[in-house]
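*Asks:* My questions will all concern the structure given below.
The values are calculated or read from the model by the stated rules, or taken from the named source; none is laboratory data. Since the model is a prediction, treat every value here as computed from it, not as a measurement. Glycine also receives a Cβ, built like all others from the backbone with ideal geometry; neighbour counts cover every protein chain displayed. In case anyone asks, the SASA skips ligands and DNA or RNA and just uses the protein heavy atoms, side chains included. Shrake-Rupley method; radii C 1.70, N 1.55, O 1.52, S 1.80 Å.
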Amino acid sequence: MTRRPPTPFVPFISGTGRTLQNLVRSIESGALNARICQVVASRECPGIEWARAQGLPAVVHNAVIPRDDLAELMADSGAEWGVLAGYTRLLDLPDLWQSRFVNIHPALLPSFGGPGWYGDRVHRGVLEAGCKVSGCTVHLCDSTYDTGPILAQRCCPVLDDDTPETLARRVFELECELYPEVLERLFSGRVSIEAGRARIIPA
C-alpha cells in the first residue's frame, strides 16, 4: 500500500513548546505522517526560540489574530490543519477552517475546561475537587474554549499525595502518547463526526 503524502499542519504555541517538540519527535520517528508548515506563537517564548533553532518557519502574533488574517495565514502556509499545542489564546475560526483545528487539554473535558483553565490551574482544580482520576482530552475546536467534538481521552489515577506538579507530569506523559496517535487518525481520514460526536474509523 502506498503511504499517503505527509499532511501539512501549523502548530500554535504559547509557552515552552513541549508539545511541539513531542510532535516533531513523532514525525521524525514515523509515528506521525505529517510536516510542519509554520509555527505560530502568541508571544516570544521558549517554544518559538526552539522552533527557530530547528529551522522551522516561525512567526509571533502578539495580539488576537483576526479571523481574516487567520484564514490568510493558513492559506499562505499551505496547511490542511491547525494544531493547538499549548496555545492559550482563543481563535475565531474562519468558516472554511471550522473542524480543521484540533486541541489537547490536560483534563477530562467537559470538566475543568473553559476560559482560564490551563496549565497548573487545571491540575490544582482537579486536586481541590477530590477527583480520583484525571487525564487529557483531544478535541476538534470551535470558536469557544475547550468545546467541540471530543476525539479521544486517556486517564490516569490521582494519587493521595499528588501535587499539581506531579499530576501535571503524569498527565503530560499521556498527552505525549495520545496526541500523535489521534492526529495520525485524523490526518488519515479515520474520524467521522455524526451529530456532534466523533467516531474513530478502524484502519
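*Asks:* Would you tally the residues in the stretch 111-162 being hydroxyl-bearing (Ser, Thr, Tyr), outside any loop (DSSP other than H, G, I, E, B) and within 13 Å of the chain's Cα centre (by Cα)?
*Replies:* Of the stretch 111-162, the ones hydroxyl-bearing (Ser, Thr, Tyr) are 111, 118, 134, 137, 143-145, 147.
Going one step further and asking which of them are outside any loop (DSSP other than H, G, I, E, B), we end up with 134, 137.
If we keep only those that are within 13 Å of the chain's Cα centre (by Cα) as well, we get 137.
Residues flagged as hydroxyl-bearing (Ser, Thr, Tyr), outside any loop (DSSP other than H, G, I, E, B) and within 13 Å of the chain's Cα centre (by Cα) within the stretch 111-162 amount to 1.
*Asks:* Related question: Picking from GLU165, GLU181, which residue would you name as being surrounded by fewer than 20 Cβ atoms within 10 Å (Cβ to Cβ) and either of a type in the set (Lys, Arg) or over 17 Å from the mean Cα position of the chain (by Cα) (or both)?
*Replies:* After ruling out the rest, the residue left standing is GLU165.
*Asks:* I've got another one for you. Could you give every pair whose Cβ atoms fall below 6 Å, whose first residue belongs to the stretch 32-53 and is without any contact (Cβ under 8 Å) to a residue 12 or more places away in the chain, and whose second residue is open to solvent by 10 Å² or more (accessible area, probe 1.4 Å), counting only separations of at least 6 or pairs across chains?
*Replies:* From residues that are without any contact (Cβ under 8 Å) to a residue 12 or more places away in the chain, the pairs are ARG52/ALA58.
*Asks:* Could you tell me which of the residues TRP81, TRP50 is farther than 19 Å from LEU140 by Cβ and aromatic (Phe, Trp, Tyr)? Please lay out each step first, then the result.
*Replies:* Values: TRP81 fails: farther than 19 Å from LEU140 by Cβ.
The conditions single out TRP50.
*Asks:* Something else now. Quick check on my filter: what residues within the stretch 184-195 are under 28 Å from GLY119 (Cβ atoms) and open to solvent by 40 Å² or more (accessible area, probe 1.4 Å)? Before you say what the answer is, go through the steps one by one.
*Replies:* Applying the first criterion (under 28 Å from GLY119 (Cβ atoms)) to the stretch 184-195 yields 184-187, 191.
Matches in the stretch 184-195: ARG185 only.
*Asks:* What are the pairs, 6+ residues apart or on separate chains, where a residue within the stretch 108-130 that is closer than 17 Å to GLU175 by Cα and of a type in the set (A, V, I, L, M, F, W, C) has its Cβ under 8 Å from a residue that is at pLDDT 95 or above and assigned to a helix (DSSP H, G or I)?
*Replies:* Within 8 Å, the pairs are PHE112/VAL122; PHE112/GLY125; PHE112/VAL126; TRP117/GLY125; VAL126/LEU167.
*Asks:* Got at least one residue in the stretch 68-89 being within 18 Å of the chain's Cα centre (by Cα), over 30 Å from CYS156 (Cα atoms) and free of Cβ contacts under 8 Å to residues at least 60 places away in the same chain?
*Replies:* yes
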